Amino acid sequence: MSHASKEFLPLEIAVLTVSDTRTLDEDTSGQLLVDRLTEVGHNLADRVLIPDDIYQLRAEVSRWIADPKVQVILTTGGTGFTDRDSTPEALAPLFDKQVEGFGELFRHISYQEIGTSTLQSRAVAGLSNRTLIFCMPGSTNACRTAWDNILGEQLDARTKPCNFIPHVKLAEECESQCGPRG
């Protein structure tokens, strides 16, 4: 049985950039994600840039997880190996379920682009309170790779044989708790 729909279903997606050095004006990675998601018809629920701090990351993502309007969270940055990179450590404890294949598939696709350097990507994803969370590296190219090769399809209800839409908070649930969209 297919978990696909005949119609595109717009999602409410929040974008979080993790950076100690960028501002929103300089955030090409976060902006690429915003551009990609809005170009296909999804809605930007919120956009925030915060420093690489485990507790600030958990607080912001926890706020979105608890928000009935937010269905998907895309994070960029903080997935490398430097001392300050802490996105996986901050967010993995919040996952009700981990999406094991996201990091594996991301690194597989990235290998074609950057070779063995992809080993240093700690891209992860999970589901928390029916909110999908995808953690990507901070480079604009990495965000492009993730959206164009994985997320664009999996966040589209028309993708067969299955996609992530049945697993997120439904629009009807959002409306009953938040009021009509738009």
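The values are calculated or read from the model by the stated rules, or taken from the named source; none is laboratory data. What you see is a predicted model; the values in this text were computed from it and never measured. Neighbour counts run over all protein chains shown; Cβ positions are idealised from the backbone, glycine included.
Here are the numbers for the structure shown:
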{"item": "Those residues of segment 17-60 which are in contact with an Asp or Glu (Cβ under 6 Å, 6 or more places away or on another chain), within 26 Å of residue 158 (Cα to Cα) and of a type in the set (A, V, I, L, M), in sequence order", "result": "45"}
{"item": "Hey, residue 52 touching a Pro at 6+ places or on another chain (Cβ under 6 Å), on the phi < 0 side of the Ramachandran plot and part of a loop (DSSP other than H, G, I, E, B) or not", "result": "no"}
{"item": "Some residue of segment 111-126 being among the aliphatic types (A, V, I, L, M) and part of a helix (DSSP H, G or I)", "result": "yes"}
{"item": "Residue ID - surrounded by the most Cβ atoms within 10 Å (Cβ to Cβ), chosen from residues in segment 1-25 that are modelled with pLDDT under 95 and charged (D, E, K, R)", "result": "22"}
{"item": "Single residue of 32, 9, 44, 24 found to be aliphatic (A, V, I, L, M), out of contact with any helix residue (DSSP H, G or I) (no Cβ under 7 Å at 6 or more places or on another chain) and farther than 19 Å from residue 62 by Cβ", "result": "24"}
{"item": "Selection status of residue 94, touching a residue at least 40 places away in the same chain (Cβ under 8 Å) and not small (Gly, Ala, Ser)", "result": "no"}
{"item": "Criterion (of a type outside the set (Ser, Thr, Tyr) and within 12 Å of the chain's Cα centre (by Cα)) met by exactly one of 113, 7, 12", "result": "12"}
{"item": "Lone unmet requirement of (1) within 27 Å of residue 56 (Cα to Cα); (2) within 17 Å of the chain's Cα centre (by Cα); (3) part of a helix (DSSP H, G or I) for residue 148", "result": "(1)"}
{"item": "Enumeration of residues in segment 67-93 that are polar (S, T, N, Q) and either under 14 Å from residue 46 (Cα atoms) or not in a loop (DSSP other than H, G, I, E, B) (or both)", "result": "71, 75, 76, 87"}
{"item": "Selection from segment 1-35 of residues that are of a type in the set (D, E, K, R), farther than 22 Å from residue 139 by Cα and in a loop (DSSP other than H, G, I, E, B)", "result": "6, 7"}
{"item": "Selection status of residue 72, more than 12 Å from residue 16 (Cα to Cα), touching a residue at least 12 places away in the same chain (Cβ under 8 Å), buried (at least 17 other Cβ atoms within 10 Å of the Cβ) and of a type outside the set (S, T, N, Q)", "result": "no"}
{"item": "Residue list for segment 36-52, restricted to those being surrounded by fewer than 19 Cβ atoms within 10 Å (Cβ to Cβ), farther than 16 Å from residue 136 by Cα and either among the acidic types (Asp, Glu) or in contact with a strand residue (DSSP E or B) (Cβ under 9 Å, 6 or more places away or on another chain) (or both)", "result": "38, 39, 43, 44, 46"}
{"item": "Condition met for residue 102 (at pLDDT 95 or above and either of a type outside the set (Val, Ile, Thr) or part of a helix (DSSP H, G or I) (or both))", "result": "yes"}
